[in-house]
Amino acid sequence: MKDNKVYESWRLRKRQIDVSQNFTDRVMNQVYQLEQSRNITQSKMERFIELISYNPLAKFGLVAAGAATGVVRLIIMINSILSNGVING
Amino acid sequence: MIEETGIIRAVLEGDTESFRLLVQRYQKPVIRMIANLINDRHTCEDIAQEVFLAAYKKLPSFDPARSSFSTWLFTIARNKSINAMKKMKIMPVSNPPENPDFSEPADSLVRDELFVKLDRALESLNPKHRRALVLAEFENLPYDQIAQIERVRIGTIKSRINRAKHRLRSALEGIDGDIQ
């Protein structure tokens, strides 16, 4: 019985907690910062897509970069196949 | 009181400020849960901040058909607490505050001593048992909600709470405090 009383008052004490007055504001500041960075990223992406859509030179540059990457990958692959063939043969 | 689903819908539709209502509603239980799990009063608000920020980021993935918002939020708080406990060194429990109900200083001293024993017993519990006890005894969550948070069966939760209470009871045994 005595133990129960002690336990109950301990439990009540553990339920008592003080929250900083500015806690909500701190969380909301972080949330707004996150939203701001999201908006910046989104507007950058939109600008990039716009640039590619309306500028033929940018469109050509992107296609050329993709093609160049593909060619480089192909060369690396052929090179590795040939070098393996030489080793095995 | 505005319904939770309405607030969540408003946030998802771009009304960021509505999230403040959710923070205000849940800040106390979330901070208290973390404080009782990690023993560090100084960092529990920082962790709680991370919990709310993570909740905001993940809000589009919240499915009310699967769980209530509180269960979902407590699950995030549980995971963040586990991560924090892995990173930090476990801090000793601070001295309990004075209880204004005590009529005699001697009673207060004895009771404080018992509180320290209970705090130590709580600290020494298996983390799973401790989480179950904290959610049941300090947050008053029903067993099925705790089972959902811990992703185990209700029977397992009952067993964990019983074991935890048994350990706490053992901590109080053999003390002849003059408490009324």
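The values are calculated or read from the model by the stated rules, or taken from the named source; none is laboratory data. Here the structure is a predicted model, which is why all the values come from computation and not from measurement. Glycine also receives a Cβ, built like all others from the backbone with ideal geometry; neighbour counts cover every protein chain displayed.
Just the residues that are among the polar types (S, T, N, Q) and at the interface with another protein chain (Cβ under 7 Å from one of its Cβ atoms), please, taken from segment A:20-35.
Once the filter is applied, which keeps residues that are among the polar types (S, T, N, Q) and at the interface with another protein chain (Cβ under 7 Å from one of its Cβ atoms), segment A:20-35 yields A:Ser20, A:Thr24, A:Gln30.
State yes or no: is B:Ile76 of a type in the set (Val, Ile, Thr) and closer than 26 Å to B:Lys128 by Cα? Walk me through how you get there before you give the answer.
Details: of a type in the set (Val, Ile, Thr): yes; closer than 26 Å to B:Lys128 by Cα: yes.
Against the criterion (of a type in the set (Val, Ile, Thr) and closer than 26 Å to B:Lys128 by Cα), B:Ile76 qualifies.
So that you can scan it fast, the table gives a plain yes or no per residue for (1) under 17 Å from A:Arg15 (Cα atoms); (2) more than 24 Å from the chain's Cα centre (by Cα):
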{"site": "B:Gly6", "(1), (2)": "no, yes"}
{"site": "B:Ala10", "(1), (2)": "no, yes"}
{"site": "B:Asp15", "(1), (2)": "no, yes"}
{"site": "B:Val23", "(1), (2)": "no, no"}
{"site": "B:Tyr26", "(1), (2)": "yes, no"}
{"site": "B:Val30", "(1), (2)": "yes, no"}
{"site": "B:Ala35", "(1), (2)": "yes, no"}
{"site": "B:Asp40", "(1), (2)": "yes, no"}
{"site": "B:Cys44", "(1), (2)": "yes, no"}
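Return the only residue of B:Arg20, B:Arg66, B:Arg41 being outside the structural domain of B:Leu118 (by TED's automatic domain parsing), closer than 24 Å to A:Arg38 by Cβ and of a type in the set (D, E, K, R).
Just a single option satisfies the conditions, and that option is B:Arg20.
Considering (1) at pLDDT 95 or above; (2) surrounded by 15 or more Cβ atoms within 10 Å (Cβ to Cβ); (3) assigned to a helix (DSSP H, G or I), say which one B:Val152 fails and leave the rest.
(3) is the only condition that B:Val152 fails.
Yes/no per residue for (1) modelled with pLDDT under 95; (2) more than 9 Å from chain A (Cβ to nearest Cβ):
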| position | (1), (2) |
| --- | --- |
| B:Pro105 | yes, yes |
| B:Arg111 | yes, no |
| B:Lys117 | yes, yes |
| B:Tyr143 | no, yes |
| B:Ile146 | no, yes |
| B:Lys158 | no, yes |
| B:Ile161 | no, yes |
| B:Lys165 | yes, no |
| B:Ala171 | yes, yes |
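Give all pairs with beta carbons closer than 7 Å in which a residue from segment B:62-75 that is crowded, with 16+ Cβ neighbours inside 10 Å meets a residue that is in a helix (DSSP H, G or I) and charged (D, E, K, R); count only pairs at least 6 apart in sequence or on separate chains.
Once the first residue is crowded, with 16+ Cβ neighbours inside 10 Å and sits in segment B:62-75, its partners that are in a helix (DSSP H, G or I) and charged (D, E, K, R) give B:Phe69/B:Glu4.
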